[in-house]
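As C-alpha cells, the structure follows; a few thoughts come after it.
Read the figures in this text as sums done on the coordinates, not as results from a lab. Just so we're clear, the structure is a prediction, and the values are computed from it rather than from any experiment. No Cβ is skipped: glycine too gets one built from the backbone with ideal geometry, and neighbour counts run over all protein chains shown.
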C-alpha cells in the first residue's frame, strides 16, 4: 500500500484515494510526428526495477494531477511534486540520491 | 431541490438530510489577491484556509481545491448572480444545489462510522473542528466536515445521484452494536 502526499492540498492518504497515471516526463508525439515516434510515445513505456517517476491524480480529493517518485521494488515513496514541470524537482532528486547512491539521473 | 429527505434515528448515530441547502461551486485562482478580496466582499466571510470550512450550511464556504470553493447559502441563484457580477478575470460559477446531497450526522460514534469507509485519520487529535476533507466513503466520492460547535456533529456531501446508496451505507455502518469504541 502506497502512502502518497498530494502537493496541492497537502493530504497524505493511501493509494485508493488516488489514481495512477503512468510514466511521467514523457514527450508527447502527436500531429506532425511519424508512426515510429507516435508508437514509441503511446506504447513503449519504461518499466525499470528501482526508481520510477509517475503521474498520479488525487481523484477522490482535490482532483489535481501531480508527480511522484518511488521505488518499484520496495514501494518506497521518495517524494511528490507539482505537475507543472517537465523534469523531476531538485528536492526529490536529492532525496533519491541520498537513499539510492548508485542511482543516476538519465536524460 | 432534492425530493428525497431521509432520516434514521435507530442506529448508533442520527442521520438526516436538511430540507434544502443552497450550494454554489466557484472556480477561480484563489492565490490572486484581487479575487480573494472580491470573494470575501461578496460572501461576507474570510476565505477558508486549506481543507477548512468557514461558516455553516446557511452561510459558509468550504475549501475544495487550490482553485475551487463550495459556497453554502440560502439562495443559490442570487449568490451565483452576485458572484458572476462581482468577479473578474477567469472564473466559473455554477449552482450545484440539485447535484449534491447533504447529510447531517450526529452522535458520539460519528467518527467511527465515517472511519469505516474513508482512508482518513478521524481521531480527535488529528481531525479538528471545521476540518473539511474530500475523500471517498466506501466507493463514493464525498466530502465531510466536523462542525465547529460540536465534536459529535459532522456534515457530509456527495453527488445527488448516489444519495440513496450513501444513506443506506451510513445506516448499515451505524447499526447498533457495530462500533468498536476505539476512537
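The table for this structure:
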read-out	value
Translational diffusion of chain A, µm² s⁻¹ [Kirkwood Rh, Cα pairs; Stokes-Einstein; 37 °C; 0.692 mPa s]	223
Equivalent ellipsoid semi-axes, the protein assembly as shown, via Cα gyration tensor eigenvalues times 5, rooted, Å	38, 25, 18
Segment B:22-95: C-alpha pair distances exceeding 22 Å, %	7
Label-point gap, in nm, between residue A:33 and residue B:50 - each point 7 angstrom along Cα→Cβ	3.4
Theoretical ellipticity at 222 nm over chain A - DSSP helices of four or more residues, -39500 (n - 2.57) apiece, nearest 500	-5000 deg cm²/dmol
Chain B - mean residue ellipticity at 222 nm from DSSP helices (-39,500 (n - 2.57) per run, n ≥ 4, rounded to 500)	-6000 deg cm²/dmol
Residues A:37, B:125, B:49 arranged by fewest to most Cβ contacts within 10 Å	B:125, B:49, A:37
Sites residue B:106 and residue B:128, calculated FRET efficiency, Cβ-Cβ separation with R0 25 Å, nearest 0.05	0.85
Globularity index of segment B:33-175, i.e. its alpha-carbon radius of gyration over 2.2 N^0.38 Å	1.08
Fewest-first sequence of B:145, A:65, B:169 by Cβ atoms within 10 Å of each Cβ	A:65, B:169, B:145
Ratio Rg/Rh [Cα only; Rh per Kirkwood] for segment B:113-183	0.94
Efficiency of FRET from Cβ geometry, residue A:1 and residue B:150, R₀ 45 Å, rounded to 0.05	0.85
Cβ-based exposure ranking for B:72, A:18, A:43, B:165, in which fewest neighbours within 10 Å come first	A:43, B:165, A:18, B:72
Pairwise FRET efficiency - residue A:102 versus residue A:19, Cβ, R0 = 30 Å, nearest 0.05	0.45
